Amino acid sequence: MENLDKNLVRSRFRRSVESYDHAAEVQRLMAEELLELFQLATGERDFPRILELGCGSGILTDRIEQSFDYGKLYLLDLVEEWSRFHRNRERAEFIAGDVERIPLPGSLDLILSNAVIQWMSDLPALLKKLAGALNPGGLLAVTTFGPENLYEIADLTGSGLRYLDPGRLQQLFSREFDLIGFRQELLKPRFDTPLAVLKHLKATGVTATGGPLRWTRKRLEEFSAGYRRFQLGDGKFPLTYHPITLIARKTA
């Protein structure tokens, strides 16, 4: 896995607090896909204790409230500033911290996360930790990204996360869970200019990938010129997303 600078990740997402919800259209689609596949795989909706990892502005949280009957909802995020988006949620408790480092609530029935686990330094250890926090038969439902994600950015800058391929993800999940649902797709939102692509990434905090990268005027000009090789026939500029959805049940 990857030795990520969690302080950098926290800093970049902190800067996106005001812009994230509006800009994160792909993450919104992923949340809908997650709950659709979850219902197809399980048909379940009653869960006494739920944990959401990386709740952010509440894109997935809103859908959890609409889709499930629960007694307690724990909302965990690395960025404490997200807490203000969740103050009025009933039976919910916000927890600030790094999921890889802090103790988790126990006796959970369902854990969900949307576009989060790609930020983990040690995914096998995290999956073991999540399994330990779940009751027997408890469920884990997550989205993440595959190796084609942000292909254009990585190709031009040499910067980005090292995303796991779908086969490797399934292998890791199968160590602790029975995988009962899996789906992947490619999404290619279009932008008017290469700089609009960068603004979109900044608005969603994704510039936390790959460590610090200083965007000087010269670098921006080179980026814009290089990105033109991806330009489509209609003049738009694509940005590739590779969402992966996994639904798993804790191994008996």
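Matching residues to (1) out of contact with any Pro (no Cβ under 8 Å at 6 or more places or on another chain); (2) over 21 Å from Leu40 (Cα atoms):
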{"site": "Ile153", "(1), (2)": "yes, yes"}
{"site": "Leu169", "(1), (2)": "yes, no"}
{"site": "Leu172", "(1), (2)": "no, yes"}
{"site": "Gly181", "(1), (2)": "yes, no"}
{"site": "Gln184", "(1), (2)": "no, no"}
{"site": "Val197", "(1), (2)": "yes, yes"}
{"site": "Glu222", "(1), (2)": "yes, yes"}
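Tell me whether the stretch 131-148 contains one or more residues that are closer than 24 Å to Pro243 by Cβ, open to solvent by 50 Å² or more (accessible area, probe 1.4 Å) and either modelled with pLDDT of 95 or more or in a helix (DSSP H, G or I) (or both).
Filtering the stretch 131-148 down to residues closer than 24 Å to Pro243 by Cβ leaves 131, 134, 138-148.
Narrowing further to those that are open to solvent by 50 Å² or more (accessible area, probe 1.4 Å): 147-148.
So of that shortlist, the ones also either modelled with pLDDT of 95 or more or in a helix (DSSP H, G or I) (or both) come out as 147-148.
Yes.
Yes/no per residue for (1) open to solvent by less than 40 Å² (accessible area, probe 1.4 Å); (2) among the small types (Gly, Ala, Ser); (3) at pLDDT below 95; (4) under 18 Å from the mean Cα position of the chain (by Cα):
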| residue | (1), (2), (3), (4) |
| --- | --- |
| Ala96 | no, yes, no, yes |
| Leu110 | yes, no, no, yes |
| Asn114 | yes, no, no, yes |
| Leu123 | yes, no, no, yes |
| Leu161 | yes, no, yes, yes |
Go through the residues of the stretch 60-79 one by one and say whether even a single one is touching a residue at least 24 places away in the same chain (Cβ under 8 Å), under 22 Å from Arg168 (Cβ atoms) and crowded, with 20+ Cβ neighbours inside 10 Å. no
Which condition number in (1) touching a His at 6+ places or on another chain (Cβ under 6 Å); (2) under 24 Å from His200 (Cα atoms); (3) among the aliphatic types (A, V, I, L, M) is the one that Leu164 fails? (1)
Would you check which residues across the stretch 129-176 are in contact (Cβ under 8 Å) with a residue 24 or more places away in the chain and of a type in the set (Asp, Glu) and list them? Glu148, Glu152, Glu176
Going through the stretch 149-159 one residue at a time, which ones are more than 17 Å from the chain's Cα centre (by Cα), aliphatic (A, V, I, L, M) and in a loop (DSSP other than H, G, I, E, B)? none
What pairs come out if I take residues in the stretch 180-194 that are without any contact (Cβ under 8 Å) to a residue 60 or more places away in the chain and pair them with residues that are surrounded by 15 or more Cβ atoms within 10 Å (Cβ to Cβ) and among the small types (Gly, Ala, Ser) whose C-beta lies under 6 Å away, six or more apart or interchain? Pro194/Ser224
Might you let me know whether the stretch 186-194 holds any residue that is over 18 Å from the mean Cα position of the chain (by Cα), at pLDDT 95 or above, in a loop (DSSP other than H, G, I, E, B) and surrounded by fewer than 17 Cβ atoms within 10 Å (Cβ to Cβ)? yes
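The values are calculated or read from the model by the stated rules, or taken from the named source; none is laboratory data. On a predicted model such as this, the values are computed, not experimentally measured, just so you know. We place every Cβ from the backbone using ideal geometry, glycine too, and count neighbours over all the protein chains shown. When the accessible area is computed, the model is the full protein with side chains, heavy atoms only, and any ligands, DNA or RNA have been set aside. Shrake-Rupley method; radii C 1.70, N 1.55, O 1.52, S 1.80 Å.
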